[in-house]
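The values are calculated or read from the model by the stated rules, or taken from the named source; none is laboratory data. Only a predicted model underlies this, so the values are computations on that prediction, with no experimental measurement involved. Note that each Cβ is placed from the backbone with ideal geometry, even for glycine, and that neighbours are counted across all protein chains shown.
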Amino acid sequence: MKSKELTIVIVTFKSEDKIINCLKSIHLETPVIVVENSKDKNFKQKIENEFRNTNCILTGENRGYSVANNIGLKLVKTKYALVLNPDTILEKNAIENFLDIARMTDDFWLIGPANDQAMTFDFKGKKLRGVKNIKGFAIFFNLEKFNKTYFDENFFLFFEEIDLCKRVIKNKGKIYLSEKIIIKHEGASSVNKDNSLELEKNRNWHWMWSTFYFHKKHKGYFAAFILIFPKLLSAFLKSLLYLFIFNKLKRDIYLSRLNGILNSMLGRKSWYRPSID
């Protein structure tokens with residue numbers, strides 16, 4: 001379904017094999033902003049030539065999920081925005097159902113698709129569930145509630161949507177899930193699968209960095225340290241184990257976990273980037 005009330009924002013990084021099917025599932029009259037975390041002019045040209053409703057922004061470098069989404073969201077001129085992962089596919093009437101709910105519940109801040117039908121309640125004929133968190137692969141924003149402040153840009157990868165939802169709840173905002181909205185999500189596959197070791201090291205580094213930063217932000221340094229300590233000890237011991245038995249693959253992965261934790265504990269920025277051509 002087309003809409004003049006909604007713009008879709010999709011952040012990509014080496015996602016050319018995934019995003020095509022996603023864009024094909026979007027009506028050509030619905031505006032789309034793709035934010036590509038690189039300077040790949042060929043990708044931009046290909047996407048914009050094939051999909052006339054799409055504007056592709058190049059960040060020039062890999063700036064991460066939060067920064068890139070904020071770039072896209074700040075360019076949106078419509079009342080609502082839908083943030084999608086590139087490995088998603090909109091099922092029939094997904095956008096229509098988002099908008100139907102939005103028009104009936106104008107107090108909402110965020111809406112997401114429900115993955116199950118438990119604990120739902122009927123709201124004017126629509127199955128909804130009030131929740132504290134939604135998954136980041138598809139987030140429907142009521143932009144008027146946010147005043148241009150969306151994702152915390154300290155997060156490069158992981159926890160950014162959990163942090164966003166926590167802030168919404170803190171501000172007494174409403175978050176809903178709807179079983180009427182169906183969006184297929186492949187999961188853990190937004191980036192093409194070349195350089196799998198680099199991607200695995202990247203995931204482990206940032207998962208640990210973001211875990212500590214999130215808990216420090218919301219619970220304080222001491223509580224974050226108590227929560228992260230078992231992971232810190234495990235990463236240290238396993239790094240030594242795999243060093244001694246000459247398993248370079250596992251050693252590098254656990255060293256990435258250890259480095260992510262230590263950098264976050266020392267207050268350093270989330271600087272690690274995968275070495276991908």
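Residues to consider are 39, 44; find the one that is surrounded by fewer than 19 Cβ atoms within 10 Å (Cβ to Cβ) and under 15 Å from residue 86 (Cα atoms).
Unique residue meeting the criteria: 44.
Filter segment 47-70 for residues that are among the polar types (S, T, N, Q) and in a strand (DSSP E or B); which is surrounded by the fewest Cβ atoms within 10 Å (Cβ to Cβ)?
Within segment 47-70, the match that is surrounded by the fewest Cβ atoms within 10 Å (Cβ to Cβ) is 55.
Return yes or no: is residue 30 surrounded by fewer than 18 Cβ atoms within 10 Å (Cβ to Cβ), of a type in the set (S, T, N, Q) and assigned to a loop (DSSP other than H, G, I, E, B)?
no
Consider residue 223 against the criteria (1) in contact with a helix residue (DSSP H, G or I) (Cβ under 8 Å, 6 or more places away or on another chain); (2) within 30 Å of residue 146 (Cα to Cα); (3) in contact (Cβ under 8 Å) with a residue 40 or more places away in the chain: it satisfies all of them except one. Which criterion is unmet?
Residue 223 satisfies every listed condition except (3).
Kindly list the number of the only condition in (1) buried (at least 19 other Cβ atoms within 10 Å of the Cβ); (2) modelled with pLDDT of 95 or more; (3) over 24 Å from residue 105 (Cβ atoms) that fails for residue 74.
Exception for residue 74: condition (1).
Taking residue 180 as meeting all but one of (1) touching a Ser or Thr at 6+ places or on another chain (Cβ under 8 Å); (2) in the same structural domain as residue 131 (by TED's automatic domain parsing), write down the number of the exception.
Every listed condition holds for residue 180 apart from (1).
Which pairs have Cβ atoms under 7 Å, sit 6 or more apart or on different chains, and link a residue in segment 19-39 that is over 21 Å from residue 91 (Cβ atoms) and at pLDDT below 95 to one that is part of a helix (DSSP H, G or I) and among the charged types (D, E, K, R)?
Partner pairs satisfying both residue conditions: none exist.
Kindly check whether there is at least one residue in segment 10-18 that is among the small types (Gly, Ala, Ser), closer than 21 Å to residue 113 by Cβ and surrounded by 15 or more Cβ atoms within 10 Å (Cβ to Cβ).
Yes, some residue in segment 10-18 is among the small types (Gly, Ala, Ser), closer than 21 Å to residue 113 by Cβ and surrounded by 15 or more Cβ atoms within 10 Å (Cβ to Cβ).
Tell me which helices (runs of 4 or more DSSP H) are completely within segment 159-244 and hold 1 or more residues being within 22 Å of the chain's Cα centre (by Cα), or say none if there are none.
160-170, 196-219
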